[in-house]
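Bear in mind these aren't lab numbers, they're just calculated from the coordinates by the rules spelled out. It should be emphasised that the depicted structure is a prediction, and the values quoted were computed from it without experimental measurement. All Cβ positions, glycine included, derive from the backbone under ideal geometry; neighbour counts span all protein chains shown.
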Amino acid sequence: MTEQIWDKFLTDRDKSVFATGGFGARAGFGKKPALLVIDVSYNFCGDKREPILDSIKKFHNSCGEDAWDALPHIRKLIDTCHDKGIPVIYTTGTSRNDGWDAGGWAWKNARTEEDVTAPHASGFNRDGNDIMDEIAPSPQDIVIRKHKPSAFAGTALMAFI
């Protein structure tokens, strides 16, 4: 079994318990795999490739250049799934213009009022929840729009998977 990042925190007894209990076996892909593309939107990537500390000035949830570097790899994975007939399901946020439906998510961040929704004073003329063009959904894909951080809360995701 490949060493995991958390292994250094486990005692020998912990490791013995996991091994004896049968944990750590590869689960495989199952009989009906699906690809979930979670929140790869402009709000989480920014509108251009730039260092994260620059990107979060405009998109406070942005992952900066790391997100942009990941896009070609995500695209390749999506294309492979399409070629193999594996369903691709995207999630992204949605919210009312007044932000009322954001709930606790809004209260936990002092910059929530800056969230990018179209039109916005930032000059970005799209909804920040739009999925990145580089990995845009195809007609056969499913897009789940969610009001909360979890794609499982109040959405139809479970019905698809």
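Miscellaneous remarks
- Gyration tensor (alpha-carbon) shape descriptor, region 1-48, a/c threshold 1.5: oblate
- Degrees separating the helix 65-83 axis from the principal Cα axis of the chain, which is the longest one: 70
- Rounded FRET efficiency, nearest 0.05, which uses the C-beta distance separating I74 from F18 and R0 of 25 Å: 0.20
- Residue by residue, region 137-146 carries 3J(HN,Hα) couplings of x, 8, x, 7, 7, 10, 10, 9, 9, 10 Hz when phi is fed to the Karplus relation 6.51 cos²θ - 1.76 cosθ + 1.60 (θ = phi - 60°); x denotes Gly or Pro.
- Measuring nothing but how far apart in sequence close Cα pairs (under 8 Å, 6+ apart) lie, relative to its length, the chain scores a relative contact order of 23 percent.
- Pairs from K84/K148; K48/K108; K108/K148; K57/K146; K76/K146; K108/K146 whose Cα-Cα separation, in the structure shown, is over 20 Å: K84/K148; K48/K108; K57/K146; K76/K146
- Backbone HN-Hα couplings from phi across region 33-44 [Karplus 6.51/-1.76/1.60, Hz, Gly and Pro as x]: x, 9, 9, 9, 9, 9, 6, 8, 10, 4, 4, 9
- Amide H contacts of Y90 (H built 1.01 Å from N, under 5 Å, at least 5 apart or other chain): V37, I142, V143, I144
- Length gained when the stretch T2-D133 is fully extended (0.36 nm per residue, less Cα-Cα span): 43.6 nm
- Our coupling estimate for region 153-158, obtained by passing each phi through the Karplus curve with A = 6.51, B = -1.76, C = 1.60 and θ = phi - 60°, is 8, x, 10, 8, 3, 4 Hz, Gly and Pro reported as x.
- For a modelled paramagnetic label at H82, 7 Å from Cα along Cα-to-Cβ, the residues of region 30-50 in reach, with backbone nitrogen under 20 Å, are 33-42.
- Cα-based shape type of the chain, given that a ≥ b ≥ c are square roots of the gyration tensor eigenvalues and the cut on a/c is 1.5: prolate
- Residues listed by number, region 56-81, amide nitrogen under 16 Å from K48 label point at 7 Å toward C-beta: 56-59, 64-66, 68-69
- In this rough spin-label picture, where each label sits 7 Å from Cα along the Cβ direction, the K148-R126 distance is 2.8 nm.
- Length added when fully stretched, T155-R26, from 0.36 nm per residue minus Cα-Cα: 43.5 nm
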